[in-house]
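Comments concern the structure below.
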Amino acid sequence: MRSDAAVMPRRLSPPSVGLDAPAVSNARLAMVAVIAGEAMLFAGLIGTYLVFRLAAPKWPPADLPRLPLVMTGLNTLVLLASLMPMAQAMRAVNRDDRTSLRRAIARTAGLGTLFLAIQGTEWARLVHHGLTLASSMYGATFYVLIGCHAAHVLMAVCWLIATAVLAQRGRFTAARHAALEMCAIYWYFVCGLWLVLFPLVYLY
C-alpha cells in the first residue's frame, strides 16, 4: 500500500468572485449630499431675497449706493476663467502629468483668490458709501446672500490650496484622485451658483 494513499485529498477552494465596482463611488455620493444641502441653503436665501425684493416699493432704495455692475461683471469673468485650469487639472491627473496638475490647481486657486479680493474691495467701497447690513433690508439681504457665497468660495479656495499641497507631494495618480475630483466638483458648484446670483442681485 502506497504511503500517500491515506492522505486526504486537498479540497480545492472555489474561485474568488470579484465584486463589481459601484456605479457611483461613496465619495461622489457624499459630495452629492453636500451639494444638495448647499443648494437647499441657497434656495432658502434666494427665496428670502425675492420676498423682500418683490414687496419693496423701490429696490434698491434711492438713498443707497448702486451696486458696482461693471466691476462685478468683470469679476464674474475672473471666476468663470478659473473653470479652465480646473478642467486642465482633471485632464492632467488622468494622464499622470504631475507638473501640469500642480500648475493648473495653483492657477485655479489664484483666480479664486483674485475674485474674493476684488469682491472685498467693492464691498469696502459700498460700506464707505453707506450700504451696510444695518442700513436697510436691501443691504441686509445683499450681504447675507452674496456674503454666504463668498464664504463658500473662500472655503473652496482653501480646499484648492490643500489639494495643491497634496499634488506637490505626488498624492494623485490617474488611478487614485478622488479628493481632487471632489474638489473640482465643489468648485464647479460655487462657480455655477454665481451664475444664478449675479443676474438675480446685480441685474434684476
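What follows draws every value from the coordinates through simple rules; no lab data is involved. Being a predicted model, the structure only gives us computed values, none of them experimental. Don't worry about glycine lacking a Cβ; one is built from the backbone with ideal geometry, like all the others, and counts go over all protein chains shown.
Scan the range 35-94 for residues that are more than 17 Å from W194 (Cα to Cα), of a type in the set (A, V, I, L, M), part of a loop (DSSP other than H, G, I, E, B) and in contact (Cβ under 8 Å) with a residue 12 or more places away in the chain and report the count.
Within the range 35-94, residues that are more than 17 Å from W194 (Cα to Cα), of a type in the set (A, V, I, L, M), part of a loop (DSSP other than H, G, I, E, B) and in contact (Cβ under 8 Å) with a residue 12 or more places away in the chain number 2.
So that you can scan it fast, the table gives a plain yes or no per residue for (1) in contact with a Leu (Cβ under 8 Å, 6 or more places away or on another chain); (2) exposed (fewer than 14 other Cβ atoms within 10 Å of the Cβ); (3) of a type in the set (F, W, Y):
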{"position": "F42", "(1), (2), (3)": "yes, no, yes"}
{"position": "I46", "(1), (2), (3)": "yes, no, no"}
{"position": "F52", "(1), (2), (3)": "no, no, yes"}
{"position": "P57", "(1), (2), (3)": "no, yes, no"}
{"position": "P60", "(1), (2), (3)": "yes, no, no"}
{"position": "R66", "(1), (2), (3)": "no, yes, no"}
{"position": "V78", "(1), (2), (3)": "yes, no, no"}
{"position": "A81", "(1), (2), (3)": "yes, no, no"}
{"position": "T99", "(1), (2), (3)": "no, yes, no"}
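Does the range 120-136 include one or more residues that are under 22 Å from L41 (Cα atoms), part of a helix (DSSP H, G or I) and either small (G, A, S) or in contact (Cβ under 8 Å) with a residue 40 or more places away in the chain (or both)?
no
Considering the range 160-180 alone, what residues qualify as being buried (at least 18 other Cβ atoms within 10 Å of the Cβ) and not in a loop (DSSP other than H, G, I, E, B)?
If the condition is that a residue be buried (at least 18 other Cβ atoms within 10 Å of the Cβ) and not in a loop (DSSP other than H, G, I, E, B), then L160, T163, A164, A167, L180 are the ones that fit.
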